[in-house]
Amino acid sequence: MAEPAGVLFTGVRLLDPASGLDQPGELLVRDGRIADFGASLGRPDGASVVRGDDGAVLCPGLVDLRAALGEPGAEYRETIASAAEAAAAGGITTLAALPDTSPAIDDPALVRLLRTRGEETGSLTILPYGAVTRGCRGEELAELGLLAEAGAVAFTDGARAIGSARLMRIALAYAAGFGARIVQHPEDPSLAAGGAATEGELATRLGLPGIPAAAEAILVARDIRLAALTGGAVHFAHVSTGDALRLIRQAKADGIAVTCDTAPPYFDLNETAIGDFRTYAKLSPPLRRDEDRQAVLAALVDGTIDAVASDHQPRDADDKRLPFAQAAPGGAGLATLLGVTLAQVHGGAMGLMQAIGLLTARPAALLGVAAGRLAKGAAADLCLFHPERAWQVESGTLPGKAQNTPFDGRALEGRVLGTWKAGRRVFG
Amino acid sequence: MRHLLAIEGLHPPQIGQLLDLAESYVLLTRSGKTQRDLLRGRTLINLFFEDSTRTRTSFELAGKRLGADVINMSVSTSSVNKGETLLDTAATLNAMHCDLLVVRHGQSGAPNLLAQKVDAAVINAGDGTHEHPTQALLDALTIRRRKGRLEGLTVAICGDIAHSRVARSNIHLLSTMGSRVRVIGPPTLIPAEAGRLGVEVFHDMNAGLAGADIVMMLRLQRERMGGGSGGLVPSAREYFRFWGLDAAKLARTKPDALVMHPGPMNRGVEIDSAVADDPARSVIREQVEMGVAVRMAVLDTLARSGANG
């Protein structure tokens, strides 16, 4: 499938948030790398041609800051192969994988294994997160130094919050010695225990145990103070409330090493999506009130939020076909990451450049990798999409194994036409 | 000088005189002579609330070589176990007419408290995570004999700085005497505002060792590792990988850099045996010899000032 003579993309809108490039033109791939790009490259010898439809955009392959793979340990939900298929269909060529698997990614050998398994897919670079604590159990610090040496890009206990302030302090301080970030699931575990939905009128009407929105702000406030105390860097994942974002905005202004991401459900949906006990919309953190959704969107626009991640959490039907409070939280997100983000471009909240930046250059910078940019000599990881092409999200027909999308039935504008990994077409 | 409770606060001439005197005791001992009349009739009590073979033996030998009557009291045989307070102990010691009291205690500041209440001259043999003055003096003597000076040398102290009284005393002594002191360790083992003590802080050992004249390794206590309430580093293998002294890391120092360790060593945790036992680099055994000489000098000095006062 390798195309040594190269591929010429022509008639495309070249979009590269890393450099600010946005112009119609052509891009040439040779030997898996971006050889050249510009307004017109003539007719390079022997290159096969990919012609962009009217208005098609060629941008760097998307960099997903946060996704759970089913492997190892939950292959019935998703495998690396099925996740890679879904990622390719979503335009994603680099993905940071969460470590709260079974076993947890708390040993250097497992980090190396995941990296290798990614290479074997041929379509997806897997950047493993290392566990902060052994087994992601929140008790003993994992071997962060050896994990970092093996290639862990940052540290997190995944869907589990680091609840102990002392442990978080130690983790932040220790990781800082290796220049590594601690990624927190910002939800006070003692307040969130047993909860199924955001505490408030809707949860009250539905009779569901609530999680107060303050559970997020409380942990964010604490960890900002701990980051300042230790000089460590903290990253808050899937931030979903206005209160937490106000704290993060202020901490950034104060020069504290704080970053954050959110995921499409938190700026596209609100708590009413759980409607008639729809378990596919049961997420962690839970969907919030609309004021919080609007605050998340505003923080995306003003730059407080550094990236949009898929927050892919594969679940099978049996995980979800349960009474709401007993159903597993989490939504599939790989295939819908681009489309749902583009809805905010069509809605006028932000420009295409900003939206794609949140999916490419900015997560790549957080991960400290050279992906997510169009540059001569860089690996030709590319995503060709049409921002206006319409499609409908339909659970059961999504690429990959996990079908638990909270966006079931949603009409989207913006579709991936093709994905290339190191110059090889892996989708479309 | 009435007591020796801490290095912090001593002036360079005081330290220099102690080292000069200790130097003379090294020569005296090596020539096989003793000076058993100097402390004849004086009573030295080794009061150890923590186990220590090395330091207690060193003080005992120093006292005996100077002719003192030496009595060892350790916590397991004393009435402290029966509920006696530190100040009750002080009153008892006064009744015994002790002249020199060597104290080791798990609590920082315990020797200071005793010094306020006893008639004897108090020598701190290690208090909590505060100071261990005679260890710093013997380290300085070892360095000075090998390098001819302390001033201008770059000394890297590596390991659990936060819980180390040896590190604190060495930091004070060496910076007072004009050495450049670096501390190296994981952030969880570096105490708050360490830089304010006049040292340069490193987390990357290779960077911290670059160009060093002296490498002082500290013991990592097992309870700092792994889970539980004390866990500040994940494992022994990770600690050794990043903060254990092996030949590769030692190669970052000056070619004639010396390796020191206050003992007892955890081989394979903070130090590789190949380095610890390298006669060209390691002065760990020499430190022990210097320990006796330094303690003779301290006992001598305090006994004299006590006699004058």
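Of the helices (runs of 4 or more DSSP H) entirely within the stretch B:20-136, those holding at least 2 residues that are open to solvent by 30 Å² or more (accessible area, probe 1.4 Å) and closer than 16 Å to B:His3 by Cα occupy B:110-117. In the stretch A:107-183, counting only helices (runs of 4 or more DSSP H) that sit wholly within it, the ones holding 2 or more residues that are more than 11 Å from chain B (Cβ to nearest Cβ) span A:108-121, A:165-176. Against the list (1) away from every other protein chain (no Cβ under 14 Å); (2) among the hydroxyl-bearing types (Ser, Thr, Tyr); (3) under 15 Å from A:Ala233 (Cα atoms), the condition A:Thr198 fails is (3). I need every pair where a residue in the stretch A:317-331 that is closer than 18 Å to A:Gly396 by Cβ has its Cβ under 7 Å from the Cβ of a residue that is aliphatic (A, V, I, L, M) and in a loop (DSSP other than H, G, I, E, B), sequence separation at least 6 or different chains. What qualifies is A:Asp319/A:Ala327; A:Asp319/A:Ala328; A:Lys320/A:Ala327; A:Lys320/A:Ala328; A:Gly330/A:Leu283; A:Gly331/A:Leu283.
So how many residues does the stretch A:201-232 have that are away from chain B (no Cβ under 14 Å) and open to solvent by 20 Å² or more (accessible area, probe 1.4 Å)? Qualifying residue count for the region: 16. Contact map, the stretch A:375-400: first residue of a type in the set (Lys, Arg), second residue open to solvent by 40 Å² or more (accessible area, probe 1.4 Å) and modelled with pLDDT of 95 or more, Cβ cut-off under 6 Å, separation 6 or more or different chains; pairs are A:Arg389/A:Arg415.
Here is a yes/no grid of residues against (1) without any contact (Cβ under 8 Å) to a residue 60 or more places away in the chain; (2) among the charged types (D, E, K, R):
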residue	(1), (2)
A:Gly73	yes, no
A:Arg77	no, yes
A:Ile92	no, no
A:Pro99	yes, no
A:Asp106	yes, yes
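Of the candidates B:Ala68, B:Ala6, the single residue that is touching an Asp or Glu at 6+ places or on another chain (Cβ under 6 Å) and small (Gly, Ala, Ser) is B:Ala6. When the residues of the stretch B:226-241 are filtered to those that are facing chain A (nearest Cβ under 9 Å) and open to solvent by 30 Å² or more (accessible area, probe 1.4 Å), the one that is modelled with the lowest pLDDT is B:Ser229.
The residue list B:Ala247, B:Ala210 contains one member that is open to solvent by 30 Å² or more (accessible area, probe 1.4 Å), in contact (Cβ under 8 Å) with a residue 12 or more places away in the chain, over 30 Å from B:Leu10 (Cα atoms) and among the aliphatic types (A, V, I, L, M), which is B:Ala247.
Tell me, please, whether a residue that is under 21 Å from A:Gly158 (Cβ atoms), touching a residue at least 24 places away in the same chain (Cβ under 8 Å) and within 14 Å of chain B (Cβ to nearest Cβ) can be found in the stretch A:233-245. Yes, because at least one residue in the stretch A:233-245 is under 21 Å from A:Gly158 (Cβ atoms), touching a residue at least 24 places away in the same chain (Cβ under 8 Å) and within 14 Å of chain B (Cβ to nearest Cβ). Name the residue that is surrounded by the most Cβ atoms within 10 Å (Cβ to Cβ), counting only residues in the stretch B:162-182 that are more than 20 Å from B:Gly9 (Cβ to Cβ) and away from chain A (no Cβ under 13 Å). The qualifying residue surrounded by the most Cβ atoms within 10 Å (Cβ to Cβ) is B:Arg182.
On inspection, A:Ala257 qualifies as touching a strand residue (DSSP E or B) at 6+ places or on another chain (Cβ under 8 Å), within 14 Å of another protein chain (Cβ to nearest Cβ) and surrounded by fewer than 20 Cβ atoms within 10 Å (Cβ to Cβ).
The values are calculated or read from the model by the stated rules, or taken from the named source; none is laboratory data. All figures in this text were calculated on a predicted structure; none of them were measured in a lab. Cβ sites come from the backbone with ideal geometry, for glycine too, and all protein chains shown count toward neighbours. Ligands, DNA and RNA are excluded from the accessible area calculation, which covers all protein heavy atoms including side chains. Shrake-Rupley method; radii C 1.70, N 1.55, O 1.52, S 1.80 Å.
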